[in-house]
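Below you'll find the structure, written out as structure tokens, and then a few comments.
What follows draws every value from the coordinates through simple rules; no lab data is involved. Predicted, not measured: the structure shown is a model, and the values here were computed from it. Every residue, glycine among them, receives a Cβ derived from its backbone with ideal geometry; neighbour counts consider all protein chains shown.
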Amino acid sequence: MRRRRWLDALLGRATVAEPDLDTLFALPPAAAVLGTATGFASAGLAGVGFRAAEGRAFAGVHRQAGDLLGEREEIKDAYDYTWFLARDPSADELVKRVHGVNSTLGDAGFGPSLLCSAFRFESRGRGLLVVYLYKRGTFYPFAPLDGHRRDTVLEDRAAEALRPELPVEPDRARWFALWDIPALTR
């Protein structure tokens, strides 16, 4: 293992961080800090995005993961990712459910299929997502505006508020826009 890291460093290859799903449990306390800094509060809505696979094995895990969310909505976005959307007024419960879905898919060998998890926050009718990148183990804010525009000023303020509480994705090029999940970005 040590030799591989040395070779990767020599060849300029970056080491990919392993996802730390327990980091999700830091989101409810971070939400309080976010609320103080930006006025945005949890909307009680979250989504888990993943690429569905074919076959019986995935079908069973898909059903099991969906059952963890209880009442849920399932949609496909324009990139053919499947999204489980769940509602719960308790941010702690919502995080537990999302963690369970991520863990279930990851433990069954479908971790590479996971894209991200997104938690919706609202203030005066505006939405803000706090997105967890599964493969990076980091978070970033996404503030959609009408016309497929982003409120980058709000994203910067939210990132600064979250940075002491959560691992914020340092590479802004990875702060992907999530336009096509209407329940999350409306």
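Residues whose amide H lies under 5 Å from that of residue 116, counting only those 5 or more places away or on a different chain, are 49, 134; hydrogens are built 1.01 Å from N in the peptide plane. Electrostatic bookkeeping for residue 81 treats Lys and Arg as +1 and Asp and Glu as -1; over the other residues with beta carbon under 12 Å from its beta carbon, the sum is -2. The alpha-carbon atoms of the stretch 90-186, seen along their principal axes, cover 38, 27, 25 angstrom, with the largest extent given first. Dimensions of the chain along the principal axes, based on C-alpha atoms and rounded to the nearest Å, stand at 52, 41, 31, largest first.
Other residues whose C-beta falls under 14 angstrom from the C-beta of residue 26 contribute a net charge of -2, scoring Lys and Arg +1 and Asp and Glu -1.
Which percent, to the nearest 5, of DSSP beta bridges fully inside the chain are antiparallel?
Details: 34 of 35 bridges.
Here the antiparallel bridges make up roughly 95 percent for the chain.
GNM on the chain, alpha-carbon springs under 10 angstrom: the most fluctuating residue among 143, 173, 91 is 173.
Working note: Karplus 6.51/-1.76/1.60 with θ = phi - 60° gives the stretch 35-42 the couplings x, 5, 7, 10, x, 8, 10, 4 Hz, where Gly and Pro are set to x.
For the chain, the 222 nm mean residue ellipticity estimated from helices alone, with every DSSP H stretch of n ≥ 4 adding -39500 (n - 2.57) and the total spread over all residues, rounds to -10500 deg cm²/dmol.
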